[in-house]
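See below for the structure under consideration.
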Amino acid sequence: MNHPLVPPAIELRGVHKRFGASHVVKGIDLALEPRAFLVLLGPSGCGKSTLLRMLSGLEAPSEGSLHILGREVANGARGIVVPPGERGLGLVFQSYALWPHMTVRANVEWPLKVARQGAAQRTRRVDEVLALLGIGALGERYPSEISGGQQQRVAIARMLSPAPGLLLFDEPLSNLDAQLRLEMRSELLRVHREAGATSVYVTHDQVEAMTMATHVAVMNEGVVEQFGTPRDLLDDPASAFVATFVGTPAANVLPVRAEGGRYAIGGHVLCDASGGSDSARLLYRATDLSFAAPEATPGDGPRAPATLIEVAPMAGAFVCALMLAGTRIAVVTAVPPDAAPGDTVMVRFPAAPRARFDARGRRIAGGAA
Ligand SMILES: Nc1ncnc2c1ncn2[C@@H]1O[C@H](COP(=O)(O)OP(=O)(O)OP(=O)(O)O)[C@@H](O)[C@H]1O
Ligand SMILES: [Mg+2]
């Protein structure tokens, strides 16, 4: 929690964004403590970049207000918009346009010249950030003479040189290959910590989000479905959307109908439906499910037949993908099923799901995850 005397690093109150008739950001409230690493996670088109651009000052909110380090930088009703250069922040995008006619040093020094710092101070700071990013040896090269990964480091060094308190990243690693992405993730976190800054990082990659974030805001169609730590999202998903968007593999969310007081999928009874409505969705983790013998024996729990699609080894276990009454599910087991793709296998369920959602995907109180 925030200390009452320390303002949040960023605070959004009732933020909306409309482009003409299209309502893209639909009322976001969020407060983030200093030094946090917030990831905005969500599918393409959900409004992540638009939200980041409002924080940066490249877009103005249609409604609501934004505060950065206690200062109001935008207010839709009062028409306040502090320009990007006066917000004390650094920005890195997917395409990081370095000045091609300037050396690496000159690129990194450029924001300090704009800020009218003296030559000695500039040299000291450029040396410092080049060393922080491990590119001290590249100072005299031009962008065309270094690799894509090195260019991205230069872009980050350039962002850091004026020592911004807030770092904004929009999919900064998506142009890099898988191995380099992994390296740059931990590098970025180190830079974030050493700079003592607060970061907001946009991605649609849930693995990136779950490994980097101190906090995640899961966005869907212009709203934040859940704001919490990566653990909160896994242990206590607020909606069916969140449950199916995070985790490796993501949790199973099964659409069920009430039949004689019990919830069933494709006619196979899974659990008690008392207190619930006619249709619901039930959450089971992939590790909650297992395989059973085809013939039921007395005392068996809930079971349902499913078609095996594929089996993939993962970290000492097997992730099995199956189709169950039209829904794709995942089962993680230590021993793969004795079946081939296309075969029918029997899936065993625990007596109760981890959580229940209503037909629209909202969490129904009572079911602990
Ligand atoms: N300047 C604009 N004018 C009109 N519509 C826009 C504008 N900018 C964004 N949009 C629309 O707003 C919605 C959200 O866009 P945004 O770029 O924020 O999505 P995103 O979550 O960053 O997606 P992606 O993961 O694909 O980058 C999209 O439907 C987009 O077409
Ligand atoms: Mg985007």
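Observations on the model:
- Between the Cα long axis of helix 104-114 and the first principal axis of the chain there is an angle of about 70°, rounded to the nearest 10.
- Label point distance in nm, ALA296-GLN94, each placed 7 Å from Cα along Cα→Cβ: 5.0
- Each Lys or Arg adds one and each Asp or Glu subtracts one; over the other residues with Cβ under 9 Å from the Cβ of LEU30, this totals -1.
- Counting only alpha carbon atoms, the long axis of helix 148-160 and the longest principal axis of the chain meet at about 60°.
- Taking 0.36 nm per residue of separation and subtracting the current Cα-Cα distance, fully stretching the chain between SER147 and LYS26 would add 39.6 nm.
- The residues packed around ALA9, meaning those with a beta-carbon under 10 Å from its beta-carbon, carry a net charge of -1 if Lys and Arg are +1 and Asp and Glu are -1.
- Here the extension length gained between GLU221 and ARG18 equals 71.8 nm, from 0.36 nm per residue of separation less the Cα-Cα distance.
- GNM flexibility winner over the chain from GLU128, GLU140, GLU295 (Cα, springs under 10 Å): GLU295
- The chain: relative contact order in percent, alpha carbon pairs under 8 Å with at least 6 residues between: 14
- Pairwise Cα separations in region 10-240 fall into 5 Å bins from 0 onward with the following percentages, short to long: 1, 7, 14, 18, 19, 16, 12, 8, 4, 1, 0, 0.
- Dimensionless Rg over Rh [region 305-348; C-alpha; Kirkwood]: 0.93
- A Gaussian network model of the chain, with springs between Cα atoms under 10 Å, assigns the largest mean-square fluctuation among LEU89, LEU308, LEU182 to LEU182.
- Two-site label geometry, ASP127 and THR307: point separation in nm, points 7 Å out along Cα→Cβ: 6.8
- Over region 1-92: Rg over Rh, Cα atoms, Kirkwood Rh: 0.95
- Across all directions, the shadow cast by the convex hull of region 262-339 built on its C-alpha atoms averages 6.0 square nanometres.
- Distant alpha-carbon pairs in region 139-241 (separation over 23 angstrom), percent: 35
- Acute angle (nearest 10 degrees) that the helix 119-132 long axis makes with the longest principal axis of the chain, alpha-carbon atoms: 20
- Two-site FRET efficiency, ARG231 against SER186, from Cβ-Cβ distance with R₀ of 22 Å, rounded to 0.05: 0.70
- Whole-Hz ³J(HN,Hα) from phi, Karplus 6.51 cos²θ - 1.76 cosθ + 1.60, for region 9-14, glycine and proline x: 5, 9, 9, 10, 10, x
- Most fluctuating residue given options GLY76, GLY275, GLY266, as computed from a GNM of the chain linking Cα atoms under 10 Å: GLY275
- Measuring max minus min along each principal axis, the C-alpha atoms of region 77-168 give extents of 49, 31, 23 Å (largest first).
- Counted residue by residue at 0.36 nm each, then reduced by the alpha carbon distance between them, the extension gain from ARG328 to SER62 reaches 91.8 nm.
None of the figures in this text is laboratory data; all of them are computed from the coordinates on show. In this text, all values refer to a predicted model and were calculated from it rather than measured experimentally. All Cβ positions, glycine included, derive from the backbone under ideal geometry; neighbour counts span all protein chains shown.
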